[in-house]
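What follows is a set of notes on a single structure, which appears directly below.
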């Protein structure tokens, strides 16, 4: 059974088809170039010197001169990895959320999103033509259910947006319960897997696939700037969704495409992630060790997290700065997260664990934090 979102995007694509202005991705044609943005011929010279995968410039947007066999092949590869019909590359996670959410919303749309959603999600919703948007309490599927009951009426298209791992809290969404809710109300669910990609799943595919829920999620966003160690992002979903985004996602249509060099780096790093499960195993072992060793310090407490993101709540911008600088003097780099990036009273030291960290380094960090806060 189609959701209202799927019916809406199918209708808009049909309108474009009838009007004769539906956009399609096409490969660059050989011949005299009077259409690219390669004004000084630098990308062209690089193409002449090496295989296209080593080119440093794409010359234009995907819909004009910037499409390539490499981009098409990478999208097919990513769709296969993420067990979905198709995939569409974006230049960043921010661009992906902006293009996806701004294009899907219309005056009959209501967005329901987690109150701690990333700025790119909020901005994408703001730029859409949606009728209304409402936050639900963080990771609270009961609150989400109440809002679904309240707003589910005939003619209203509801889209629920969550993250699988939240970038400041480090906690994991109750995805199974939220998927069940969305299915029972026949509404579309979008999951941003930015901080789960490469970290969770048998081969780093993310939490949605780890839970075998990929067929029940309308769209997923996987970014490459975190565990994948590259740049860019991909939206994975149905063929219908891809055709719609190619036609209506402005952050895809009106930007220069990623060059083949960047696309090759993404593929190389995905292959590494697929073939090196020991890196994930080391990371999760360190996360477990960190959680065993960390203790609340005085009136300051740790957020509960089973992800690489660990946050010590200090509730004071000045104190956050003092502690981060003290760590820096000890040769330890941590992030000082102040309000308004987080809510007032939620100021924190944010720590990211990595597979290359050691238990000795973790012990040193925790010792430094305790010493600094006990002064």
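Quick notes on this one:
- Exposure proxy ranking, count of Cβ atoms within 10 Å, fewest first, for 130, 352: 352, 130
- Sequence-distant contacts, meaning Cα pairs under 8 Å at least 6 residues apart, place the relative contact order of the stretch 277-373 at 32 percent.
- Highest-fluctuation residue, 254, 141, 113 considered, GNM on the chain with Cα pairs under 10 Å: 254
- Dividing the alpha-carbon radius of gyration of the stretch 242-299 by the rule-of-thumb value 2.2 N^0.38 Å gives 1.97.
- Of the beta bridges in the stretch 4-274, as assigned by DSSP with both residues counted there, near 35 percent are antiparallel.
- With the biggest extent put first, the Cα atoms of the stretch 277-373 measure 39, 26, 21 Å across the principal axes.
- Using alpha carbons only, the radius of gyration of the stretch 63-138 set against its Kirkwood radius gives Rg/Rh = 1.07.
- Under a Gaussian network description of the chain, with springs only between Cα atoms under 10 Å, the residue in 322, 309, 362 that fluctuates furthest is 322.
- Segment residue 73-residue 239, extension gain: residue separation times 0.36 nm, minus the distance between their alpha carbons: 58.2 nm
- Between the helical axis of 277-293 and the longest alpha-carbon principal axis of the chain there is an angle of about 30 degrees.
- Compared with the dominant Cα axis of the chain, that is its longest principal axis, helix 4-19 is turned about 30°.
- The chain: relative contact order as a whole-number percent, Cα under 8 Å and 6+ apart: 18
- Between helix 69-81 and the chain: long-axis angle, C-alpha atoms, 0 to 90°, nearest 10: 50
- Over the chain, the alpha carbon radius of gyration divided by the compact-protein estimate 2.2 N^0.38 Å works out to 1.06.
- Note on the chain: helix-only mean residue ellipticity at 222 nm, from DSSP H runs of 4+ residues weighted -39500 (n - 2.57) and normalised by residue number, equals -13000 deg cm²/dmol.
Read-outs: derived from the displayed coordinates by stated rules, not from any lab. What you see is a predicted model; the values in this text were computed from it and never measured. Positions of Cβ are backbone-derived with ideal geometry, glycine not excepted, and every protein chain shown enters the neighbour counts.
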